[in-house]
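Reading through the structure tokens given below for one structure.
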Amino acid sequence: MAVVEVRGLRKVFDGGRARRRGSHGRVNAVDGVDLATSEGEYLVLLGPSGCGKTTLLRTIAGLEQPTDGEIWIGGHVVNELPPRARRVAMVFQSYALYPHKTVRANIVFPLKAQGIDKTERAKKTEWAAELLGIGPLLDRRPRQLSGGERQRVALARALVREPSVFLLDEPLSNLDAKLRASARDELKRFQRRVRTTTIYVTHDQVEAMGLGDRIAVMYEGRLRQLGPPVEVYDDPADTFVATFLGSPPMNLVPRDGVLVGFRPEHLLPETLVHGDDRLVVPFQVDRVEHLSGDRHLYGTVRGLGAETRVIARLPVTVTAPVEPGEEHQFAVHADRLRFFDADSGERTEPVSVRTGS
Ligand SMILES: Nc1ncnc2c1ncn2[C@@H]1O[C@H](COP(=O)(O)OP(=O)(O)O)[C@@H](O)[C@H]1O
Ligand SMILES: [Mg+2]
């Protein structure tokens, strides 16, 4: 186990393929990131495609040289160490299993490269296979495995090296939705057992919310927020985080130079929002969707300045009839309101909104 830390990390690609170019046609893939895991932590790095997640991970693993900044693993600067010496295991999105080798040979391969003797190799392979529940599959080849099983083989191959850090780059993205849920659960339980510090990359906020001890939200090469899932969800640092997490995303309504934010589940029929300290809005509903028991109401609100599109999510326990074309009084409790600067998108101090009704 080890703590991973990056300080002032930057990675610039010359003449890259992306939009995020500096004045010389360069891409700032990682643009000044400071980040530290704690011991044995499951840290999820979350952000949209192209925000620099893979580059950050590859730089930690030693597969890319940083343009600037330091990488610390287990209390040492590892910038000058080759990948193998960093005791880091990276599992890629593609798993990169050898198709012609058996599962056993795939798992044992890195140990052979390390010059570990045969008995010891066999012992470690059995141990990893047992831990991941793939003992019965050791003589198969990758194409004879399901997506979930392949993932476990890739993990076993990473595990036998007894790394001090796991770096997992979207390991579930090749699985179908159903398998993802069980594989996600399995990964989490696996990490709980081995307690190896893990950085897990995903662009899927549901995965991040479910898996992470903490979530690091990344956008355009920068870290936007780092905190436990509940904190990042409840107290987003800016409008990017507010809308990237949550499905449907946080509503943002402009008013007097600020954006007033509230989650769809907090926009409720007025009669259900108690106390005086609340924001009451006439909600013009134009569409109703039924999703796994909840009702999603799409429409516009007035009374906050310009008319703005918002979404309300009513739990199954709220049975008040709402039809498209109707206007209803809805409200949000003041505790649930978040405020953002309309220009920068950064979180600001609460301002007083019209309350009561
Ligand atoms: N080898 C490379 N050469 C040039 N540009 C690259 C290279 N690798 C990644 N990039 C660019 O850096 C940015 C971050 O990419 P990446 O780290 O793969 O993002 P993510 O994993 O979050 O999708 C993207 O704009 C990508 O096009
Ligand atoms: Mg990637």
Quiz prompt | Among 314-320, 152-158, the order from most to least packed when residues are scored by Cβ within 10 Å on average | solution = 152-158, 314-320
Quiz item: Can you give the angle from 0 to 90° between the axis of helix 118-131 and the longest principal axis of the chain, with both taken from C-alpha atoms, to the nearest 10?
Solution: 20
Practice problem: Can you tell me the 0 to 90 degree angle between the C-alpha axis of helix 177-194 and the longest principal axis of the chain, rounded to 10? | Solution: 60
Practice problem: Take the eigenvalues of the Cα gyration tensor for segment 43-89, scale each by 5, and report the square roots as semi-axes in whole Å, largest first. | Solution: 20, 12, 10
Quiz item: What full-extension length gain, to one decimal in nm, is calculated for Ser344 and Ser247 as 0.36 nm per residue of separation minus the Cα-Cα distance?
Solution: 32.6 nm
Exercise. Using only alpha carbon pairs under 8 Å that are at least six residues apart, calculate the relative contact order of the chain and give it in whole percent.
Key: 16
Quiz item: Which shape class applies to segment 1-110: rounded if a/c is under 1.5, otherwise prolate when a/b exceeds b/c and oblate if not, where a ≥ b ≥ c are the square roots of the Cα gyration tensor eigenvalues?
Solution: oblate
Quiz prompt | FRET efficiency, 1/(1 + (r/R0)^6) with R0 35 Å, evaluated for Arg26 and Glu265 via beta carbons | solution = 0.25
Quiz item: For Val77 and Arg192, what is the calculated FRET efficiency with R₀ set at 25 Å and r taken between the beta-carbons, to the nearest 0.05?
Solution: 0.25
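Show me the ranking of peptides 37-50, 232-245, 272-285 by mean Cβ neighbours inside 10 Å, starting with the highest.
Working: 37-50: 19.2, 232-245: 20.9, 272-285: 17.2.
Ranked from most to least packed, the peptides come out as 232-245, 37-50, 272-285.
Between Gln93 and Asp277, what FRET efficiency follows from the Cβ-Cβ distance if R0 is 41 Å, with the result rounded to 0.05?
It comes to 0.30.
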Quiz prompt | DSSP-defined beta bridges in the chain - what % are antiparallel, rounded to 5 | solution = 75
Practice problem: Return the distance in nm (one decimal) between the two label points of a simple spin-label model at Ser38 and Asp185, each offset 7 Å from Cα along Cα→Cβ. | Solution: 2.7
Practice problem: Using the Cα centre as the reference, give the magnitude of the dipole from point charges on the C-beta atoms of the chain (Lys, Arg: +1; Asp, Glu: -1; all else neutral), rounded to the nearest 20 debye. | Solution: 2120
Practice problem: Over all alpha-carbon pairs of segment 250-341, lay out the pair-distance distribution in 10 Å bins, whole %, shortest bin first. | Solution: 17, 55, 26, 3
Quiz prompt | Violating pairs (Cα-Cα greater than 26 angstrom) within the set Lys53/Lys188; Lys123/Lys188; Lys101/Lys123; Lys101/Lys124; Lys101/Lys188 | solution = Lys101/Lys188
Practice problem: Kindly write out, for segment 262-276 in residue order, the coupling ³J(HN,Hα) from the Karplus curve 6.51 cos²θ - 1.76 cosθ + 1.60 (θ = phi - 60°), rounded to whole Hz, with x marking Gly and Pro. | Solution: 7, 6, x, 6, 9, 9, 10, x, 3, 5, 9, 10, 8, x, 8
Quiz item: Around Val310, which amide H atoms from residues at least 5 apart in sequence, or from another chain, sit under 5 Å from its own amide H, with H modelled in the peptide plane?
Solution: Gly299, Thr300, Val301
Self-check item: Among 210-218, 88-96, the order from most to least packed when residues are scored by Cβ within 10 Å on average
Solution: 210-218, 88-96
Exercise. Would you calculate the volume per residue, in Å³, of the smallest convex hull containing every Cα atom of the chain?
Key: 169
Self-check item: Whole-Å distance, taken between Cα centres, linking segment 273-335 and segment 141-220
Solution: 37
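Taking the inverse of the average 1/r across all pairs of different Cα atoms in segment 121-212, what Kirkwood radius in Å do you get? Don't skip to the end; give the middle numbers.
Numbers: mean 1/r = 0.0730 Å⁻¹.
That comes to 13.7 Å for segment 121-212.
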Quiz item: Fully extended, how many nm does the chain gain between Lys112 and Ser292 (0.36 nm per residue separation, minus their Cα-Cα distance)?
Solution: 59.8 nm
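Tell me the relative contact order for segment 250-341 as a rounded percent, counting alpha carbon contacts under 8 Å between residues six or more apart.
Relative contact order for segment 250-341 comes out at 41 percent.
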Self-check item: Phi-based couplings in Hz for segment 278-286 (Karplus 6.51, -1.76, 1.60; Gly and Pro marked x)
Solution: 8, 9, 9, 9, x, 10, 8, 8, 10
Practice problem: Quick one: which residues, 5 or more positions from Asp68 or on another chain, have an amide H under 5 Å from its amide H? H modelled 1.01 Å from N in the peptide plane, none for Pro or chain starts. | Solution: Arg10
Quiz item: Using the alpha-carbon atoms, what tilt in degrees (0 to 90, nearest 10) does helix 147-159 show relative to the longest principal axis of the chain?
Solution: 60
Practice problem: Tell me which residues come under 5 Å, amide H to amide H, from Asp31 once H is placed; ignore anything under 5 positions away on its chain. | Solution: Lys11, Arg222
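Each reported figure results from applying straightforward, stated rules to the coordinates on display, with no laboratory input. Quick caveat, the model's predicted, so the values are computed rather than measured. Quick reminder, even Gly has a Cβ in these numbers, built from the backbone with ideal geometry, and neighbours come from all protein chains shown.
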